[in-house]
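Written out below as structure tokens is the structure these notes cover.
The values are calculated or read from the model by the stated rules, or taken from the named source; none is laboratory data. Bear in mind that the values here come from a model prediction, so they are computed numbers and not experimental data. FYI the Cβ positions are ideal-geometry reconstructions off the backbone, even for glycines, and counts take in every protein chain you see.
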Amino acid sequence: MAETETDDSRKFVARGVAHVTLPKVTEPVSVTFVLVPKFTMLAFTSAIEPLRVANQLTGQILFRWRTYSEGGQPVVCSNGVPVMTEGTLPEAPPPGYVLICGGVEPETQITASLADWVRGQWRRGRTVGGLCTGAYALARAGILKGRRFTLHWENLSGFTETFPDLEPARQVFCIEDRIVTCAGGVAAADLMLKLIHDRYGAQLSQEVMNMCLLTQRRTEEDEQITSLAARLGTRNEKLIKAVAFLEARIEEEFDLDACADHLGVSRRQIERLFNRYLGVTPVRYMNDLRLQHGRALLAETDMSVTEVAVACGYASSSHFSKSFRKKYGVSPYRFSHFGA
């Protein structure tokens, strides 16, 4: 037994100079990472490194972690680097957290068998979660209905088309009822810092931040991306309201007059605002937005080009295809991972 403890210490506790005194922990937290093909390395490392640093700072095993994949083979992440795993999915991993590490093309990488396995872990009382697009596995497992959850903002359009009865939050991370999710990237570090804070206290959490050179810890209430005002680079109230009105109606016929009536200004005034602050016409702004939306749907869903065109507010698939090719240099049929 002593030899096992020594091996564990070598694996989970690195030597360092900085130190945080913490009472002896007898029950370390177990974290099981499931790597999905094309997972995002940044999200995975942002999740696991705070755990390693917490162990290093205290000189004891606060967290143990294991990595698995469906086939037990190395998994190639989204940047092309293969990552070793410790085997196939265990029937019953240790009590604690089970985190699905997702990434690009989640529609094709998250399998039904993985969803079944996740559902089984949930029923066994594990806390399950998703990093980046790992929420796809939780959704297919049928455990997200009525619960707060999130995933990366780039995948929101495809996710809501695939699971229309589920509404993801735009938060950095969510924790609710044995389900933890984060938007991926460095948001995984925010999630882990929250878990460290709640279990081992504010001092350790702060020192982990310092070691990771993180200057600010975001909370559940923080949104993934900047406010509309920050995104547009202006605080002009009329323009912000006009953009919000139009963006909320991306699937509808473009109607600048209705927008003007809603704001109580003239159509010409809205056009001047767009030209002054954004350098484009309202029509150009909406066309670009619709094409971005269409690109996301083609990449993340099995919708046909015709269905995507309708979802983006185009009267015909030919008009959508022509606009898509002009903007991205490729037809939507060739761009789609699923064909027409």
Determine whether TRP117 is under 16 Å from the mean Cα position of the chain (by Cα) and in the same structural domain as VAL34 (by TED's automatic domain parsing). no
How many residues are crowded, with 20+ Cβ neighbours inside 10 Å and not aliphatic (A, V, I, L, M) if we restrict to the stretch 68-84? 3
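Is the stretch 107-114 home to any residue that is part of a loop (DSSP other than H, G, I, E, B), farther than 22 Å from THR45 by Cα and in contact with a strand residue (DSSP E or B) (Cβ under 8 Å, 6 or more places away or on another chain)? Give the steps one after another, and end with the answer.
Going residue by residue through the stretch 107-114, those that are part of a loop (DSSP other than H, G, I, E, B) are 110-111.
So of that shortlist, the ones also farther than 22 Å from THR45 by Cα come out as 111.
Applying the additional criterion that residues be in contact with a strand residue (DSSP E or B) (Cβ under 8 Å, 6 or more places away or on another chain) yields none.
Scanning the stretch 107-114, I find no residue that is part of a loop (DSSP other than H, G, I, E, B), farther than 22 Å from THR45 by Cα and in contact with a strand residue (DSSP E or B) (Cβ under 8 Å, 6 or more places away or on another chain), so the answer is no.
Looking at the stretch 192-251, which of its residues are among the acidic types (Asp, Glu) and assigned by TED's automatic domain parsing to the domain that holds THR281?
Looking only at the stretch 192-251, we keep the residues that are among the acidic types (Asp, Glu), and these are 198, 207, 220-223, 237, 247, 251.
Correct list: GLU237, GLU247, GLU251.
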Please indicate, with yes or no, whether at least one residue in the stretch 275-287 is closer than 30 Å to GLY103 by Cα, without any contact (Cβ under 8 Å) to a residue 24 or more places away in the chain and not assigned by TED's automatic domain parsing to the domain that holds THR160. no
Failed item in (1) surrounded by fewer than 19 Cβ atoms within 10 Å (Cβ to Cβ); (2) touching a residue at least 40 places away in the same chain (Cβ under 8 Å), with GLN56 passing the rest: (1)
Scanning the stretch 189-222 residue by residue, those surrounded by fewer than 17 Cβ atoms within 10 Å (Cβ to Cβ) and either on the phi > 0 side of the Ramachandran plot or in contact with a Ser or Thr (Cβ under 6 Å, 6 or more places away or on another chain) (or both) turn out to be GLY201, LEU213
